[in-house]
Structure formats: C-alpha cells, structure tokens
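One structure is given below, encoded as structure tokens.
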Amino acid sequence: MKLHQPLLSVAAAVVLALTVSGCGGNAEAGPGGSAQPQGGSEVKELRYQGWANSVTLPELAQDLGYLGDVKLKWVGNTTSGPQDIQSAATGQTDFGGAFAGAVVKLIEAGAPVKAVVNYYGEDEKTFNGFYVKEDSPIHSARDFIGKKIAVNTLGAHADAVINTYLRKSGLSAEEAKQVQLVPLPPNDTEEAIRRGQVDAGALGGVLQEKAIAAGGLRSVFSDVQFFGSFAGGPYVLRTDFIEKNPTTTKTFATGVAKAIEWERTTPRKDVIARFTKIIKERGRNESTEALQYWKSVGVPDAGRIKDEDFTRWAEWLKTSGIVTKDLTPANYYTNEFNDLAKGK
C-alpha cells in the first residue's frame, strides 16, 4: 500500500494559513473535508496525519476507548511537525502536532490555531541525541563549524536545540551560520550518518535506540543533557473548530492526556504489545520492528501546557526573526479542554 504524501508543501501551507486567518471562512470545510454538521451538532470525525511505523497518542487513545464517540480519519503520513500543524491551520486536517517553537511561528504569522494538549516530551529515557560516527572528529560545539547535521525539518525541535546549543557553547552568530542543517526524513538519518552523507544527525525515540543497538555511532550531546526534562510540543486545533466543537475538543484533549497516563503507568512490554496490535490491524504496510526499542512516553504532567514550554525557546525565536518582541504564551495555548490538566 502506497502511503499518502504530506498534504501541503511548507510554503503553500503558510500562504493558505494566512488566507484562512484573513478571510475567516469555514475551516471545517477544508479541502477533502466535510462541512460543519447542520443543526448545531458537533464534528465527531477528526482528520489527521500519522507517522509511519509509529502509534500516535490519538491513535492509542482511540484504541483504548478514550475518545468515546469521536472517531479518527487517517489521511496520510507526515515527517514534519510544522507541515502537520500547517495542514490543521488550513483546514486539510482537524488537528496537528509540532514543536512548541513551530506553533509560535505559525500563530505569530496569523494562523488561527491554539494548542490544547502536549503530545511529546523529553526525559532521561526518551530524548533527542545528536549522533556522529564513532571515529568522527566532532566532540564539541565548535567542531560542528562547517559540518552538516541532518534534521527532520527546518524551524522545528532539532533546529532550535542545535542553534541554542551552539550559541550557549560560545559560538558567534556568524560561526553558527556555518553549521549546515540538512532536512532528511527521520527513517533515513541513521544511514546518512553511516554513509558520510552528513556529518551528524538528530535521532530520537525508537530510531535512536535502533541506531545505538547497531553500534558504530556515538552521541555528541542530547537535548535532555542540555535542557533537562521538558515538554516538546502540543497538538493544535483551529480556533473556530474549538468554538464550534467544544465537547469534541474536550474529548480529544482529555483522551490524549489519558493515553499519556496509560503509557506512563502500563508495563513496557504491554505498551509495545498494544502498539504492535494497532499497527498490524490498521493495514498500512508498516514495520513493527522498531517498537522493541520504545522506552517511555516522555510527556510530563498528563499533557498540561505551561508558559515555559514556549518561553524556553524565546532567544532562538528572536534570533531567528520569528518574533520581535517578548512572547505572550497565553496567546498560544489553553488547558481548558484537558480534564486531567485541571485535576479532574
């Protein structure tokens, strides 16, 4: 089965996101989607993009029955958080997830979306490392000057971490510019490092564990070593969707939060078994091989979003020209629809 391609190019999605924001049209009736049900009833089918060979938190929540009468409709896969949330902003999907800094960028550009629950994070078991071949001459931040680092996409998590690491390690802005970031699909990064197509690459989760198990690579630094445990990014929905579908939004946000807690409290072997079942049953011609390397959900506080999830990246956002003034995190998120975040 041939997997669908991401729904929009980054450039086209940004333009459309601004168009949606400016025209105030009916976002529920996005391309390929259905219009808001008549008679005041709420949308009960949420269109989304998945990740190949992986089980997302909404997919797990649905399988566990946490979404109730709300159903998911898979429309394809993505390898880019920014592309995923842009598709949500333009109405091609109903929700998308990305790095918190990418959410800030999209909202600051005028896209009418709001974050409702965190969906990924980093801890001592699950984190992003920046890997090189074992015999690489790269051992410190300064050694990256003039080198190529593979990242899944520009303007997202790895980009922010690398640039923050370089600047806080003493590199000037001009020196940091000499470090080239190369966008590559995560599934191709390990092989690109081993073949010398790039000098280093960002690896996380099961892909990282799989690469470590194969040997021959070593970590120069990780985001957890640099920042400690933290929430990485949230799921967003369009603000008009939230307004018209508050019950569905609450079911979604709380269902994701429950799935986070299920992963956190369930024995590891049982989590892997559940993921394996889900992937095999959905019939997308995927591999379950990498699931054996799963370690933890990584998301703190049942997905509750905090101001620092955004302000942590303030310097990078400013030096990148994404924002020109102090951040106002309240503009980017709400915990109103996550019952677990409210202590219920």
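Of all helices (runs of 4 or more DSSP H) completely enclosed by the stretch 211-285, which ones contain at least 2 residues that are hydrophobic (A, V, I, L, M, F, W, C), closer than 30 Å to S140 by Cβ and within 23 Å of the chain's Cα centre (by Cα)? Full working, then the answer.
Numbers: elements: 223-227, 239-244, 246-265, 268-282.
Output list reads 223-227.
One line per residue, one yes/no per condition, for (1) under 28 Å from T276 (Cβ atoms); (2) touching a residue at least 40 places away in the same chain (Cβ under 8 Å):
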| site | (1), (2) |
| --- | --- |
| Q62 | yes, yes |
| G65 | yes, no |
| G97 | yes, yes |
| I107 | no, yes |
| A115 | no, yes |
**Prompt:** Which of the residues spanning the stretch 202-216 are in contact (Cβ under 8 Å) with a residue 12 or more places away in the chain, open to solvent by 10 Å² or more (accessible area, probe 1.4 Å), farther than 29 Å from F252 by Cα and of a type in the set (A, V, I, L, M, F, W, C)?
**Reply:** A202, A213, A214
**Message:** If the requirement is being open to solvent by 60 Å² or more (accessible area, probe 1.4 Å), under 19 Å from V236 (Cβ atoms) and among the charged types (D, E, K, R), which of these qualifies: E308, E281, E289?
**Reply:** E308
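To keep it simple, each residue is scored yes or no on (1) under 13 Å from the mean Cα position of the chain (by Cα); (2) surrounded by 24 or more Cβ atoms within 10 Å (Cβ to Cβ); (3) closer than 22 Å to K177 by Cβ.
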| site | (1), (2), (3) |
| --- | --- |
| V113 | no, yes, no |
| Y119 | yes, yes, no |
| D123 | no, no, no |
| D135 | no, no, no |
| I138 | no, no, yes |
| A141 | no, no, yes |
| G146 | no, no, yes |
| T153 | yes, yes, yes |
**Request:** Filter the stretch 321-344 down to residues that are among the small types (G, A, S) and open to solvent by 60 Å² or more (accessible area, probe 1.4 Å) and give me whichever is farthest from D123 (Cα to Cα).
**Result:** A330
**Prompt:** Using beta carbons and a limit of 8 Å, which pairs, at least six apart or on different chains, have the first residue in the stretch 306-335 and over 19 Å from V113 (Cβ atoms) and the second one of a type in the set (S, T, N, Q) and in a loop (DSSP other than H, G, I, E, B)?
**Reply:** K318/T324
**Message:** Can you say whether S219 is hydroxyl-bearing (S, T, Y), touching a Lys or Arg at 6+ places or on another chain (Cβ under 8 Å) and open to solvent by 30 Å² or more (accessible area, probe 1.4 Å), as far as the supplied structure shows?
**Reply:** no
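Looking at the stretch 155-184 only, could you name the residues that are aliphatic (A, V, I, L, M), closer than 16 Å to D223 by Cα and open to solvent by 10 Å² or more (accessible area, probe 1.4 Å)? Even if it seems obvious, please write down each step before you answer.
Looking only at the stretch 155-184, we keep the residues that are aliphatic (A, V, I, L, M), and these are 156, 158, 160-162, 166, 171, 173, 176, 179, 181-182, 184.
If we keep only those that are closer than 16 Å to D223 by Cα as well, we get 156, 158, 160-162, 166.
Correct list: empty.
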**Request:** Answer yes if at least one residue in the stretch 185-198 is loosely packed, with under 15 Cβ neighbours inside 10 Å, over 30 Å from N331 (Cβ atoms), hydrophobic (A, V, I, L, M, F, W, C) and out of contact with any Ser or Thr (no Cβ under 9 Å at 6 or more places or on another chain), and no otherwise.
**Result:** no
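The values are calculated or read from the model by the stated rules, or taken from the named source; none is laboratory data. Since the structure is predicted, the reported quantities are computational estimates derived from the model, not experimental observations. Cβ coordinates were reconstructed from backbone atoms using ideal geometry, including for glycine residues, and neighbour counts include every protein chain displayed. Surface areas here come from the heavy atoms of the whole protein model, side chains and all, with no ligands, DNA or RNA. Shrake-Rupley method; radii C 1.70, N 1.55, O 1.52, S 1.80 Å.
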